[in-house]
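First up is the structure itself, then whatever we jot down about it.
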Amino acid sequence: MSLLELDRVTVRYGGVTAVDSVGFAIEPGTLVGLIGPNGAGKTTMIDAITGMVRSSGDIRLNGESIASWPAYRRSRAGIVRTFQSLELFMELTVRENLQTYARVHAGGPQADPVAYALERMEVGWTADRYPSELTTGTARLVSVARALAAGPRLLLLDEPAAGLDAGESQRFGAKLRRLVDDGTTTVLLVDHDVDLIMNVCDVIQVLDFGKKIASGTPAAVRENPEVARAYLGTGGTTRNPAGGEA
């Protein structure tokens with residue numbers, strides 16, 4: 001049974017359709033990439049999965065429909081996300097940030113989920129520092145650690161590599177791969193770092209103008225002419241994949 005199934009999920013804002021009848025499944029123990037140009041609907045897709053926006057269609061967790069569940073219930077069921085804007089509590093230390101999030105989400109299977117998450121993301125040295133004292137790249141890792149402290153069954157990451165240089169991004173990808181491979185969690189990764197997505201993901205879903213235009217392994221997606229045209233920068237007129245809101 002798939003961990004998460006999306007069936008004709010649609011999100012509309014007035015007359016604008018941000019996500020248009022999108023469907024795909026996420027299997028347990030996989031790292032799934034979600035890519036597309038700016039405005040493709042990637043962040044909106046995460047919002048729909050987590051219940052932060054109203055959607056039509058169906059969303060199923062382990063075969064059970066959660067489409068009518070409020071966001072807090074989905075979170076308690078183990079669907080945990082990060083945000084593009086980090087959303088760290090600036091007046092709290094890193095350790096306190098993780099403690100607050102772990103407490104809200106009832107913690108994870110580890111005896112000390114905060115220490116565990118800091119160790120897995122290799123940011124234990126930041127525990128007693130404040131977010132304002134960290135570089136953007138380190139703060140991104142702390143944001144992921146905070147989500148990890150919640151013990152997620154499904155971890156949704158919204159542009160976690162923003163602000164990381166090429167070497168940092170490569171090391172971050174290795175951390176994500178280890179989390180999935182050792183059974184810690186299942187990951188849906190949204191990012192504009194194409195190399196990161198192609199190197200670490202098992203499966204990639206591609207959106208353009210709110211519609212799914214491709215799905216498959218990194219090799220298959222890279223060779224897909226529609227993806228090349230819309231996003232990867234080859235095969236005709238392209239759109240800039242870098243930037244903010246997705």
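Coordinate-derived values only; no laboratory data. Everything numeric in this text was worked out from a predicted model, so none of it was measured. So basically every Cβ, Gly included, is an ideal-geometry build from the backbone, and we count neighbours across all protein chains shown.
Overview of values
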read-out	value
Packing-based exposure ordering (other Cβ within 10 Å, fewest first) of Ile59, Ile35	Ile59, Ile35
Positive-pole candidate from Tyr130, Val53, Phe209, dipole of the chain, charges at beta carbon	Val53
Difference of contour (0.36 nm per residue) and Cα-Cα distance, Ala115 to Asp7	35.2 nm
Shape parameters for the chain, alpha-carbon atoms, Rg then Dmax in Å	17.3, 53
Reachable lysines, given that their alpha-carbon falls under 20 Å from the alpha-carbon of Lys175 and they are not under 8 places away in the same chain	none
Among Asp165, Asp208, Asp191: highest mean-square fluctuation, GNM of the chain, C-alpha pairs under 10 Å	Asp165
Asp128 versus Asp195: modelled label distance in nm, points set 7 Å from Cα along the beta carbon direction	3.7
Antiparallel content of DSSP bridges confined to the chain, in %, to 5	55
Karplus (6.51, -1.76, 1.60) ³J(HN,Hα), θ = phi - 60°, over the range 4-9, in Hz, Gly and Pro reported as x	9, 10, 10, 10, 6, 6
Sorted by Cβ density within 10 Å, fewest first, the residues Val194, Val11, Val114	Val194, Val11, Val114
Listed residues Ala162, Ala149, Ala111, most fluctuating in the chain (Gaussian network, C-alpha, under 10 Å)	Ala111
